[in-house]
Amino acid sequence: QVQLVESGGGLVQAGGSLRLSCVASGNIFNRNVMGWYRQAPGKQRELVASITRSGSTDYADSVKGRFTISRDNGKNRIYLQMNSLKPEDSAVYYCKLSPPDSWGQGTQVTVSS
């Protein structure tokens with residue numbers, strides 16, 4: 001059983017910053033990829049950023065240059081530093097561990113204009 005718990009969401013003005021954190025526990029041995037996804041109302045869940053155990057990263061084009069994903073393997077944590085936030089970044093942000101896929105419950109990020 002794998003548990004993922006996100007934290008760090010909240011309300012911020014446009015141009016501001018937030019840092020999301022996700023901690024994984026349970027049987028996570030050999031799970032290589034951790035990532036952040038987001039889902040806004042009426043839209044599909046989309047990849048924001050991912051990072052492998054070795055540190056290779058991937059970002060959605062919409063967040064490149066503004067968001068940074070990082071990983072602490074010793075603490076089974078990943079982080080998402082979000083800068084220059086825009087109203088269109090508002091969504092529920094989910095942490096994912098794979099393979100196979102395990103999801104957190106999500107944390108709300110709201111960016112006001």
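The values are calculated or read from the model by the stated rules, or taken from the named source; none is laboratory data. Predicted model, so just to flag it, every value in this text is computed and none were measured. Backbone-built Cβ (ideal geometry, glycine too); neighbour counts: all protein chains shown. Ligands, DNA and RNA are excluded from the accessible area calculation, which covers all protein heavy atoms including side chains. Shrake-Rupley method; radii C 1.70, N 1.55, O 1.52, S 1.80 Å.
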(request) Looking for whichever is out of contact with any His (no Cβ under 9 Å at 6 or more places or on another chain) and surrounded by fewer than 15 Cβ atoms within 10 Å (Cβ to Cβ) here; the options are S21, S90, S25, S102. Which one fits? (result) S25
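If I filter the range 74-83 for residues that are in a loop (DSSP other than H, G, I, E, B) and open to solvent by less than 80 Å² (accessible area, probe 1.4 Å), do I get at least one hit?
Filtering the range 74-83 for residues in a loop (DSSP other than H, G, I, E, B) gives 76, 83.
Restricting the remaining residues to those that are open to solvent by less than 80 Å² (accessible area, probe 1.4 Å) gives 76, 83.
Checked the range 74-83: at least one residue is in a loop (DSSP other than H, G, I, E, B) and open to solvent by less than 80 Å² (accessible area, probe 1.4 Å).
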(request) Run down I51, I28 and say which single residue is β-branched (V, I, T), over 15 Å from Q108 (Cα atoms) and in a loop (DSSP other than H, G, I, E, B). (result) I28
(request) Starting from the range 50-72, take each residue that is under 15 Å from Y37 (Cα atoms) and list its partners that are loosely packed, with under 12 Cβ neighbours inside 10 Å, counting only C-beta distances under 8 angstrom and pairs at least six apart or across chains. (result) S62/E88
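Does T110 meet the test of being part of a strand (DSSP E or B), more than 11 Å from the chain's Cα centre (by Cα), farther than 25 Å from N27 by Cα and among the polar types (S, T, N, Q)? Please lay out each step first, then the result.
Numbers: part of a strand (DSSP E or B): yes; more than 11 Å from the chain's Cα centre (by Cα): yes; farther than 25 Å from N27 by Cα: yes; among the polar types (S, T, N, Q): yes.
Spelling it out, T110 is indeed part of a strand (DSSP E or B), more than 11 Å from the chain's Cα centre (by Cα), farther than 25 Å from N27 by Cα and among the polar types (S, T, N, Q).
For V63, indicate whether it is modelled with pLDDT of 95 or more and open to solvent by less than 50 Å² (accessible area, probe 1.4 Å). Explain how you work it out, then say what you get.
Numbers: modelled with pLDDT of 95 or more: yes; open to solvent by less than 50 Å² (accessible area, probe 1.4 Å): yes.
Taking the combined requirement at face value, the residue satisfies it.
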